[in-house]
Structures are given as C-alpha cells and as structure tokens.
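Accompanying notes for the structure given below.
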Amino acid sequence: MNDYLLSLILGIVEGLTEFLPVSSTAHLRIGEALMHISLSSGYWKMYSIVIQLGAIACLPIYFRARILKFLSTFPQGERGDRTILTHPLSLTCIAFVVTAIPAFLLTKIIGKHLESLQIMGMSLLIGGIAMWVIDAMNAKAEAAGPGSSTGRVRVWHMEDMSLGQAVWIGACQILSAVFPGTSRSMSTIGAGQLAGMSRASALEFSFFLSIPTMVVATCYDLLKSLVGKSENPIGVSQIDAHGWIVLAIGFVVSFIVAYGSVAWFMAYVRKRGFAPFAVYRIIVGIAVLLWISKLGG
C-alpha cells in the first residue's frame with residue numbers, strides 16, 4: 001500500500017479513537033497488523049508517537065476558553081470556593097502525578113505488554129463489560145438530572161470535584177498504562193462515574209487529564225526513539241523527505257479528525273451515555289481473541 005495512503009488511514013484511526021473509550025493503542029496495533037506494518041521498524045514506532053501528538057494537540061485549542069477561565073480564576077475558582085489543592089488545574093496536576101510515578105516505575109512491564117494482541121483483546125472485552133455496568137448504574141440519575149436524589153451522581157461539573165476523586169481517577173488511569181487496550185479515557189471516565197461524577201464531568205476531566213498525561217508520555221517515547229534509548233531508535237538525520245511527508249500527513253489528519261471527534265463525543269455522551277462504546281469494545285475484543293486463536297491454531 002502507498003505510504004501516503006497508509007499514513008492517511010492510520011491518522012484517521014488515531015484521531016477517531018484517541019479520546020473515545022475504545023483504546024487508540026489497540027486500534028493502531030490491530031491496523032498495523034492487518035496492513036503488515038513491521039513493528040520492528042523504528043520509523044513506524046516513531047510515527048505512532050507523532051500522530052498521537054497530533055491528536056493531543058487539538059485539546060488545548062478545543063478547550064481554550066475553559067483553560068483561560070481556569071487560569072484567570074486560579075486558585076480561588078470562579079465562585080471563590082476553591083483552594084490551591086482543589087482548583088480544577090491543581091486536581092488535574094495531582095491526578096497526573098498519581099499516574100505518572102507508578103507508570104514510570106513500571107516502564108519495563110508496560111513495554112512487554114504494548115504489542116500483545118492477546119492482552120489488548122482481553123482488555124477491550126473486560127473494559128467493555130465494566131463500562132456497560134458502570135454506566136447503567138448511573139443511568140437513572142443522569143436521566144433525572146442535577147438536583148435529583150436518584151442514583152449515585154453527586155458531581156455534575158468538573159469545578160465541583162474533590163481532591164479524593166482526582167487521586168482515585170489518577171490511580172485508575174494506571175490500568176491503561178499497564179494493560180494496553182484498557183483505554184486511558186475508559187479508565188478515567190469509569191473511575192469518575194464510580195466516584196460519583198456525572199458522565200459529562202467525568203468526560204471533561206478525562207480530556208483535561210489527558211493533556212499532561214499524553215504530552216509527557218509521548219514526548220518521552222519520542223525522545224527515546226530519537227536519541228537511541230528505545231529498542232529500535234531512529235535519528236532525525238535518518239528520515240528523508242518522503243518520511244517527513246508521511247509523518248506530516250499522519251499528524252495533520254490525526255489533529256483534524258481528533259478535533260471533530262472530541263466535539264461530537266462531548267455532545268453525544270450528554271444525551272446517550274457510553275453503552276454503545278461498551279458494546280463496540282466487547283465485539284472488537286471477542287473478534288481480536290478469535291483472530292489470535294486462529295493464527296495460533
């Protein structure tokens with residue numbers, strides 16, 4: 001397949017799946033396997049990191065108004081009821097640190113799992129079931145809306161979440177690092193709902209938390225790839241004009257598709273919830289496991 005077309009397809013896949021609770025890592029790995037991309041290639045490993053950065057870059061732009069408001073009201077908050085530990089920006093940073101330290105210490109374990117389709121298939125399946133159950137638990141409260149005593153939802157806006165909820169969500173996000181296919185957004189959204197947050201507030205915090213989490217993780221991986229610290233390093237000087245164009249296509253396409261995906265996802269979830277994504281995860285997880293069993297047989 002032409003490299004430019006391949007880059008276009010992978011950019012679309014990354015942009016569509018990075019922020020949906022379906023695991024972009026699993027979808028890219030499946031796509032690479034189906035299109036026979038060599039996972040031993042340092043260039044294509046670096047390519048996966050670059051298109052992730054393209055998707056992440058859309059978030060500061062999409063949420064620019066919210067970010068500016070948070071910055072202008074730090075640390076008291078818009079209503080004056082927040083502190084330096086409970087302001088949304090602080091909670092985002094705290095949740096990130098809770099995730100980052102264990103994830104860094106577990107780097108070797110994470111590296112062993114990153115290319116395992118079996119782990120991805122199981123994670124997709126189990127995560128889909130968990131997401132379906134968690135979303136169903138809060139369905140009545142979501143339908144009744146704020147002010148209702150029905151169900152477990154206590155926090156309807158990200159500005160009202162607590163320090164404990166941020167720590168809990170950060171801890172649950174570690175699952176997505178250790179078990180690829182779990183999905184970072186699925187683990188944070190599900191954790192938020194379990195902690196008493198509404199779909200919308202859990203989703204928004206998931207988006208904000210993904211900014212430092214994914215920027216640091218992908219930049220760290222990219223640096224290792226470029227300076228020779230990864231398993232299959234590739235230097236900038238080794239990339240020719242063709243390679244740079246392929247990277248640029250993937251980055252731009254991923255950015256554009258991710259921006260549209262975030263806008264659509266925010267509106268969709270408020271009305272319909274996460275059940276369709278849970279069903280999709282279950283179907284894809286079963287399909288991957290059946291595929292692996294046939295290859296192994």
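What follows is calculated from the coordinates using simple rules that are stated; it is not laboratory data. Just so you know, these numbers come straight off a predicted model, no measurement behind them. Glycine also receives a Cβ, built like all others from the backbone with ideal geometry; neighbour counts cover every protein chain displayed.
Tabulated data for the structure shown
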item: Förster-model FRET efficiency, 25 Å R0, L5 and Y280, C-beta, rounded to 0.05; result: 0.50
item: Rounded to 10°, Cα long-axis angle of helix 163-178 versus longest principal axis of the chain; result: 20
item: FRET efficiency estimate (nearest 0.05) - Cβ-Cβ, I292 to L223, R0 41 angstrom; result: 0.80
item: Rg to Rh, two decimals, where the chain supplies the alpha carbon set and Rh follows Kirkwood; result: 0.97
item: Non-local Lys pairs in region 3-296, i.e. 8 or more apart or on different chains, that have alpha carbons under 16 Å apart; result: 7
item: Reciprocal of mean inverse Cα separation for region 51-208 (Kirkwood radius, Å); result: 16.6
item: Cβ-defined net charge surrounding L163, 14 Å radius [Lys, Arg +1; Asp, Glu -1]; result: -2
item: Nearest-0.05 FRET efficiency for I61 and A241, computed from C-beta distance (R0 25 Å); result: 0.30
item: Net lengthening on full extension, H36/A143 (0.36 nm per residue, minus Cα-Cα); result: 34.0 nm
item: Highest-fluctuation residue, P180, P60, P21 considered, GNM on the chain with Cα pairs under 10 Å; result: P60
item: Debye log10 I(q)/I(0) at q = 0.12, 0.17 Å⁻¹ for region 1-111, Cα point scatterers; result: -0.62, -0.96
